[in-house]
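K.L.:
This is the structure I want to talk about, given as C-alpha cells.
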Amino acid sequence: MALPSAETVGEMLAACNTRYNQLMADGCAEQVALDRTWDAYCCAFLQLAVHCFDPRDRLFESKLRTIRKKG
C-alpha cells in the first residue's frame, strides 16, 4: 500500500477539521468529537479496520477514503 501524497493528506486533514467543527457545533463533547474524527481518519488512512466504530461517522469515513483514492 503506497502512502498518499502530502497534498492528499492535507485535504484529508482539512476535511477532518470541518467534521470536528460540525460535531462540536452539534453539541458533541470536545474529546468525543476528537475521538470520532480520529477514528474515521485512521480507518480511511491506515485501512486497519473495515469501518470506524461509530456508524454515524461512516459517511465521513467514506468521504475520506474517496479523497485518498483520488490522491
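The values are calculated or read from the model by the stated rules, or taken from the named source; none is laboratory data. Quick caveat, the model's predicted, so the values are computed rather than measured. Cβ: placed from backbone, ideal geometry, glycine included. Neighbour counts: every protein chain shown.
K.L.:
Which residues, taken from segment 1-22, are outside any helix (DSSP H, G or I) and either out of contact with any helix residue (DSSP H, G or I) (no Cβ under 8 Å at 6 or more places or on another chain) or among the charged types (D, E, K, R) (or both)?
P.N.:
Taking segment 1-22 and keeping what is outside any helix (DSSP H, G or I), we get 1-5.
The answer is M1, A2, L3, S5.
K.L.:
Looking at A44, A40, A33, A25, which is the one that is out of contact with any helix residue (DSSP H, G or I) (no Cβ under 6 Å at 6 or more places or on another chain) and not hydroxyl-bearing (S, T, Y)?
P.N.:
None of the others qualify; the one that does is A25.
K.L.:
From the residues in segment 47-71 that are hydrophobic (A, V, I, L, M, F, W, C) and more than 11 Å from the chain's Cα centre (by Cα), which one is modelled with the lowest pLDDT?
P.N.:
Step by step, filter segment 47-71, then rank; the result is A49.
Each row is one residue, and each column tells you yes or no for (1) surrounded by 11 or more Cβ atoms within 10 Å (Cβ to Cβ); (2) of a type in the set (K, R); (3) within 11 Å of the chain's Cα centre (by Cα).
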{"site": "E7", "(1), (2), (3)": "no, no, no"}
{"site": "M12", "(1), (2), (3)": "yes, no, yes"}
{"site": "A15", "(1), (2), (3)": "yes, no, yes"}
{"site": "R19", "(1), (2), (3)": "yes, yes, yes"}
{"site": "Q22", "(1), (2), (3)": "yes, no, no"}
{"site": "A25", "(1), (2), (3)": "no, no, no"}
{"site": "Q31", "(1), (2), (3)": "no, no, no"}
{"site": "R36", "(1), (2), (3)": "yes, yes, yes"}
{"site": "Y41", "(1), (2), (3)": "yes, no, yes"}
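K.L.:
Kindly provide the set of residues from segment 17-41 that are more than 19 Å from S62 (Cβ to Cβ) and among the aliphatic types (A, V, I, L, M), ordered by number.
P.N.:
Across segment 17-41, the qualifying residues are M24, A25, A29, V32, L34.
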